[in-house]
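Asker: The structure is given below, and queries will be raised subsequently.
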Amino acid sequence: MVDALAGIRVTDFGHVLAGAIPGQLMADMGAEVIKVETRARLDYMRRGRPIIGDKPDPEQNPMFHNVNHSKLSISVDMVQPKANRLLKELIKISDVVIENFSPAVMGSIGLDYPDLVQVKPDIIMLSMPGAGRHGPRRNVRTVAPTVNSLSGIDYLTGYTGEQPLGIKLIYGDMCSALHGLFALLTALHYRRKTGKGQHIDLSMCESITVLMGEAIMDYTMNNRVLSAQGNRHPTMAPHNLYRCQGEDKWVAIAVDTEEEWKSFCQAVGNPEWVNEVRFSDKFKRMNNLDALDKHITEWTVNYTPYEVMDILQKAGVAATPHMSAADRFYDPHYQEHKVYVDVEHPILGSEVIYNQVWKMSETPGRIRRRAPLMGEHNNYVFGELLHLPSEEIEQLVEEKVIY
Amino acid sequence: MGKIMEAQDGEQAWLSGYRVLDLTGEMGDMCGWVLGSWGADVIKIEKPGGERSRNIGPFYHDIPDPEKSLSWFAYNSNKRGITLNLESTDGRALFRRLASKADFVLESFSPGYLDELGLGYSSLCQINQGVIMVSVTPFGQSGPYRDYKGTDLVASAMSGLLYLSGDPENPPVKMSSPMAYPLAAVDGAVGALIALYHRVLSGEGQHVDVSAQQSLAMCTFNLVPIWLLNGVIIPRMGNYHKGWHGSVLLRKLWPCRDGHVCFILLGRETGGTGNRTMVEWMKSEGMAEPFLFEIDWEAFNPRLLGQERVQQAEECIGRFFMKHTMKELYEGAIERKIGLCPVNSPKGIYEDPQLEARGCWATVEHPELGTSLVYPKPLVKVTGKECDIWRRAPLIGEHNQEIYEQELGLSRQDVLCLEESGVI
């Protein structure tokens, strides 16, 4: 199998989610990604309640395993002066450095971009703090939920006319991770052409905000503040999630063209209400959404979400079940795409890991190994890559520099 | 070879010289937009009369017009635009000529549509071995649902991302702007560059297949282990947040004097210090009830404190927030290193001094509207230069002459003929 990114080495300080994901995607595609972590300050994703036994154990959080597979791990207490030299040696033989600390951290451990170019002039460094490395509010403290609020997507999520409810999952982290990775790959191309390295300053907040172009332009051009619209769409009706048979079961239905509306009416059995004047064209349906949704629900509650999907998709109407974790795990489409795969872990045994998002015809990428144990590759990195004699490595372990 | 884009300092933009043919609709607009922001030469190819996504509102000054759609403006800047009917024989021949020199072809048709026209990846790689095709579709190119109709809502529902958004008794709710498509489009752009990296070494292109539903589902990866290990399906909880082992509900969005803020009473390492500082801040304004000082915030664990006590603390904090504006709370939080943010509306974002200071807005001329408009700028800052907006989104067929006559060498007569027969 061909690896698209073979030969690229990444020193990866990225932690939690947004910071960990770009390195993981590169590792799956063949880059050698060395995660730098330490017992002195555990990656948040290594914390959490133990699954086996009752003692906290950094090796037991499946969330960590889902965003750090295919990487190697070294454990170094970065704040120790001796660690600085080790890390610089590693960066000297790396192409990319990834970090998502608060803006001042890399400087405080002597590893900010100006320090790095001293040892590796064409290094590409990706920094991705919550609000960016520069600017008056760069020091804002962010966690995944707050950055969603800061970026504007929380405000746009809720029922029409009610208070915002917000996004609950790691949408913002994923946006940042992908934009960060895109910037990294672009910089690698540019370096190949020109020999120049880069410092990329990515603000998590901006990488989410940029997805809301029309909402922002609605304000800058029309002076209107778009607020949450529930599941309404500017040009589709019906367009909502509808209750189905079973506990908290829903199906998403979206009807766009008049042709689709006709198919929809037929598929639901042409009941009398579909012929009412107030639903006779899209404009009228848009103005009678509540009544429309009520009628549709009267139909959907008689079926399971899958039954509704089958009936409507056969008629050429967009519909899918609203899927819980369990639904996704058992869904035939997810299964055929091998979205969730079993990976063996030495402590947790066989566990489920989210697979690659791309299907690439020539360089498919793959989960090359389970997430590393803390410091699992200390000997490889310090011994084989950096040629430190084993006595010195032992000494550093004793001094808790390698820790 | 694509057109060379130069940054203001005269240096070439990072992706300049690469030619992108963008056949996508709203689903994939952002893929070409991201590539274009870094200087790739992106040509949007629309069907004669214009792409359907030009009809999606909101519109400039609320005038529904295919030349005034704001989402079209937002994600088609940096592109040139031509029209071409791929379903005509001449149209296909012209497309093949363009594709023979292109680096990337982006598309979001139903799976199999381009193959039927003889323009799928397997045909294009015959005439251009290095071409990289990116397909962004709701459900991907394979699997039982590949031919199903999809929209952003439908792909989002299937991804599971809506599962936790909304009230328990009401329908799950999505973000009121596209959420699955833009993420999939950026996935497509990342895949395109990985493929380009491979092409430099091997000379061969490839087909990158992105499913919007699967791109978005990656944001929910954590829910599957939670379910498998604990047997728990976390339900929707309105404004509240529940942790990984969650037995206690924690408030996430709070009303304040002029809007909402986001703050969570997180435990120990993540929240502890910030929580204590918050209580001290409240005390300095005489708003901290004594029981808040009985809690050891450094060791704070919501589960051990219990729902009732957490709720008491939250009520007290909520009263404090109601006395303040978003700005006061945000600035106070930055100063005190508390993890609190405003729930920014589009207006709040536009007025955010951080974004202003980082040059996040571009003024782009629209001569046909007789004005300049403010756009959100592509987002990454780099040493030396940055990605930028080079040009506004194209009008329908704006660059037909430039591409067909000057580049492909058709005569004016040929072009008129093709126009008349509905090819362009």
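Asker: When B:L164 is evaluated against the numbered criteria (1) assigned to a loop (DSSP other than H, G, I, E, B); (2) within 9 Å of chain A (Cβ to nearest Cβ); (3) closer than 20 Å to B:G25 by Cα, which criterion, by number, is the only one it fails?
Answerer: It fails just one condition, (3).
Asker: Take the residues of region B:71-101 that are assigned to a helix (DSSP H, G or I) and of a type in the set (S, T, Y): which is modelled with the highest pLDDT?
Answerer: B:T89
Asker: Continuing with the same structure: When B:L250 is evaluated against the numbered criteria (1) modelled with pLDDT of 90 or more; (2) surrounded by fewer than 20 Cβ atoms within 10 Å (Cβ to Cβ); (3) more than 30 Å from B:G32 (Cα to Cα), which criterion, by number, is the only one it fails?
Answerer: (2)
Asker: Name the single residue, out of those in region B:205-253 being at the interface with chain A (Cβ under 7 Å from one of its Cβ atoms) and of a type in the set (D, E, K, R), that is nearest to B:V190 (Cα to Cα).
Answerer: B:D209
Asker: In region A:6-49, what residues are touching a Phe, Trp or Tyr at 6+ places or on another chain (Cβ under 6 Å) and within 26 Å of A:H189 (Cβ to Cβ)?
Answerer: A:V36
Asker: Out of B:V190, B:V186, B:V154, I need the residue that is out of contact with any strand residue (DSSP E or B) (no Cβ under 9 Å at 6 or more places or on another chain), at negative phi, assigned to a helix (DSSP H, G or I) and of a type in the set (A, V, I, L, M). Which one?
Answerer: B:V186
Asker: List the number of the failed condition for B:K323; all other conditions in (1) in contact (Cβ under 8 Å) with a residue 40 or more places away in the chain; (2) within 12 Å of chain A (Cβ to nearest Cβ); (3) more than 24 Å from A:T157 (Cα to Cα); (4) charged (D, E, K, R) hold.
Answerer: B:K323 satisfies every listed condition except (2).
To keep it simple, each residue is scored yes or no on (1) crowded, with 23+ Cβ neighbours inside 10 Å; (2) out of contact with any helix residue (DSSP H, G or I) (no Cβ under 9 Å at 6 or more places or on another chain).
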position	(1), (2)
B:S100	no, no
B:F109	no, yes
B:G112	no, yes
B:L117	no, no
B:G120	no, no
B:S123	no, no
B:Q126	no, yes
B:V134	yes, no
B:G140	yes, no
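Asker: Related question: Test each condition in (1) under 13 Å from A:C205 (Cβ atoms); (2) within 12 Å of chain B (Cβ to nearest Cβ) for A:N100 and report the one that comes out false.
Answerer: Unmet for A:N100, out of (1) under 13 Å from A:C205 (Cβ atoms); (2) within 12 Å of chain B (Cβ to nearest Cβ): (2).
Asker: Still on this structure, I have one more. Residues to consider are B:E407, B:E420, B:E402; find the one that is away from chain A (no Cβ under 14 Å), among the acidic types (D, E) and more than 24 Å from B:S37 (Cα to Cα).
Answerer: B:E420
Asker: So which of B:A189, B:A184, B:A180 ends up being in contact (Cβ under 8 Å) with a residue 24 or more places away in the chain and within 18 Å of A:T186 (Cβ to Cβ)?
Answerer: None of the other options fit; the residue is B:A189.
Asker: Going through region A:185-227 one residue at a time, which ones are among the hydrophobic types (A, V, I, L, M, F, W, C), within 21 Å of B:H260 (Cα to Cα) and not in a helix (DSSP H, G or I)?
Answerer: A:V225, A:L226
Asker: Taking B:H207, is it surrounded by fewer than 24 Cβ atoms within 10 Å (Cβ to Cβ), over 24 Å from B:C125 (Cβ atoms) and within 25 Å of the chain's Cα centre (by Cα)?
Answerer: No; evaluated as a whole, the condition is false for this residue.
Asker: OK, next. For region B:195-204, name all the residues that are buried (at least 17 other Cβ atoms within 10 Å of the Cβ) and more than 7 Å from chain A (Cβ to nearest Cβ).
Answerer: B:R199 - this is the single residue of region B:195-204 that is buried (at least 17 other Cβ atoms within 10 Å of the Cβ) and more than 7 Å from chain A (Cβ to nearest Cβ).
Asker: Hey, another quick one. Yes or no: region B:89-104 includes at least one residue that is at the interface with chain A (Cβ under 9 Å from one of its Cβ atoms) and either in contact with a His (Cβ under 8 Å, 6 or more places away or on another chain) or without any contact (Cβ under 8 Å) to a residue 60 or more places away in the chain (or both).
Answerer: No.
Asker: For A:A215, only one of the following conditions fails: (1) facing chain B (nearest Cβ under 8 Å); (2) within 18 Å of A:A319 (Cα to Cα); (3) buried (at least 24 other Cβ atoms within 10 Å of the Cβ). What is its number?
Answerer: Failing condition for A:A215: (2).
Asker: Pull up region B:357-399, narrow it to residues that are touching a Pro at 6+ places or on another chain (Cβ under 9 Å) and of a type in the set (D, E), then point me to the one that is farthest from the other protein chains (Cβ to nearest Cβ).
Answerer: B:D388
The values are calculated or read from the model by the stated rules, or taken from the named source; none is laboratory data. Values in this document were obtained by computation on a predicted structure and should not be read as measured data. So basically every Cβ, Gly included, is an ideal-geometry build from the backbone, and we count neighbours across all protein chains shown.
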